[in-house]
Amino acid sequence: MKIAQVELYIVQMPLKSPFLTHLGAVAHREGIIVKIMDQDGCFGLGEGVAFSTPWYTEETVATSLHMITDILIPLLKKNPIQQPEEAALLFKSIRRNHMAKAAVETALWDLYAKQNSSSLSALLNGTRQVIASGVVVATDSAVNALKQIEQYLEEGYQRIKVKINPQQDYSFLAEIRKVYPKLPIMADANSAYTLKDIERLKALDEFNLLMIEQPLAHDDIIEHAVLQKEIRTPICLDESIVSFDDARKAIELGSCQVINIKVGRVGGLYEAKQIHDYCFARQIPVWCGGMIEFGISRAHNIALASLPGFTIPGDISASNRFWEEDIILPEVQVKGGFIKVPDEPGIGFSLNEKRLKETLLSTRTFRF
Ligand SMILES: O=C(O)CCC(=O)C1=CC=C[C@@H](O)[C@@H]1C(=O)O
Ligand SMILES: [Mg+2]
């Protein structure tokens with residue numbers, strides 16, 4: 001792929017309003033934009049989606065920077081690659097650090113697509129021209145959630161995800177169901193429960209949720225299989241699935257009926273596609289998760305979600321869900337509940353240089 005230079009941009013932006021889960025609040029988002037340039041000046045873009053602290057997974061912006069700078073870039077310098085799959089396989093010699101790997105690997109996919117004048121969606125064998133869009137409500141009260149849901153439904157979003165925990169679950173969902181008896185709703189618990197809560201979780205079956213996401217421990221697939229036999233609501237796994245093998249084992253065990261695929265969590269588009277292909281062959285629905293990300297990661301998600309197995313609206317919302325102004329042009333827009341899949345080369349979005357400058361904390365450059 002003739003890599004000539006890698007540039008990293010560390011950016012930070014306030015969210016329009018804090019994103020609240022039982023694990024804490026995200027009010028500011030730091031991220032790493034990766035730009036990989038070839039000898040002809042063509043470049044690909046990726047985004048590191050680790051948070052500033054390790055509350056969702058073990059990675060942080062600082063650990064990602066270390067991995068990219070001291071491990072992954074030197075590895076790429078030593079091992080010239082012909083296509084992005086080779087980078088994904090090369091990075092398997094390094095344990096975990098999936099978000100750092102994905103930041104680099106996704107930039108290589110964008111570069112490779114542009115070098116071959118193909119849209120990223122087409123390169124991945126995407127089949128959709130538009131993808132259905134869902135949105136997450138992450139707030140502290142049913143009153144606020146209802147206000148947000150009303151606004152998001154006006155904006156066209158096709159399904160709503162809410163955050164639950166044992167302190168508010170039943171009453172919170174009951175309030176929402178009272179106003180919206182038929183709305184497609186899913187609930188994300190981010191590991192707020194244990195098997196001792198089986199009766200609590202059984203009681204949530206009456207709300208006819210599309211699914212409950214990650215009710216038990218972040219690294220469990222055994223107890224989720226026990227729980228799934230006890231509750232009617234389909235379990236969706238998020239945190240527990242960090243690789244293709246995790247997905248295969250969870251499905252074999254009956255730990256879930258749905259998988260939330262996040263490109264960063266599984267180490268890149270190659271692994272994400274492997275999980276998709278496996279699930280698609282077995283008619284296990286998947287959807288594309290979000291990471292409160294900026295537009296570059298959002299663009300990669302759109303390309304991934306154009307694959308045929310993404311049959312459930314994901315957490316891919318418009319740029320203006322979180323940001324006053326995103327770092328891409330054009331911004332991601334939701335129209336009539338759908339986002340258009342670009343057909344221009346690569347991710348089909350470019351960097352908003354003005355916004356990048358406004359949000360920039362620091363940069364690093366590496367010549368090959
Ligand atoms: O990016 C979005 O639109 C929302 C993403 C989202 O819901 C999440 C991102 C990161 C951590 C979470 O608590 C949550 C999730 O678990 O899916
Ligand atoms: Mg989740």
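Points to keep in mind about this one:
- Single residue of Pro166, Pro184 found to be closer than 22 Å to Pro308 by Cβ, more than 16 Å from ligand 2 (Cβ to nearest atom) and surrounded by fewer than 18 Cβ atoms within 10 Å (Cβ to Cβ): Pro184
- Taken over region 165-187, the criterion of being among the charged types (D, E, K, R), under 19 Å from Leu153 (Cα atoms) and touching a residue at least 24 places away in the same chain (Cβ under 8 Å) is satisfied by Glu175, Arg177.
- Restricting region 309-336 to residues that are among the β-branched types (Val, Ile, Thr), in contact (Cβ under 8 Å) with a residue 40 or more places away in the chain and away from ligand 2 (no atom under 16 Å from the Cβ), the residue that is surrounded by the most Cβ atoms within 10 Å (Cβ to Cβ): Ile327
- Within region 33-68, being away from ligand 1 (no atom under 16 Å from the Cβ) and in a strand (DSSP E or B) holds for Ile33, Val34, Lys35, Ile36, Met37, Asp38, Phe43, Gly44, Leu45, Gly46.
- Some residue of region 95-109 being of a type in the set (Ser, Thr, Tyr) and not in a helix (DSSP H, G or I): no
- For region 242-281, taking the residues that are among the hydroxyl-bearing types (Ser, Thr, Tyr) and part of a helix (DSSP H, G or I), the one that is nearest to ligand 2 (Cβ to nearest atom) is identified as Tyr278.
- The helices (runs of 4 or more DSSP H) found entirely in region 122-241 that carry 1 or more residues being within 14 Å of ligand 1 (Cβ to nearest atom) and in the same structural domain as Ala272 (by TED's automatic domain parsing) are 142-154.
- Set Thr106, Thr60: member being in the same structural domain as Leu20 (by TED's automatic domain parsing), touching a His at 6+ places or on another chain (Cβ under 7 Å) and of a type in the set (S, T, N, Q): Thr106
- Entry remark, region 43-60: residues being surrounded by fewer than 18 Cβ atoms within 10 Å (Cβ to Cβ) and not hydroxyl-bearing (Ser, Thr, Tyr) number 3 in total.
The values are calculated or read from the model by the stated rules, or taken from the named source; none is laboratory data. Since we're looking at a predicted model, the values are computed, not measured. Positions of Cβ are generated from backbone atoms using ideal geometry, with glycine treated the same way; all protein chains shown enter the neighbour counts.
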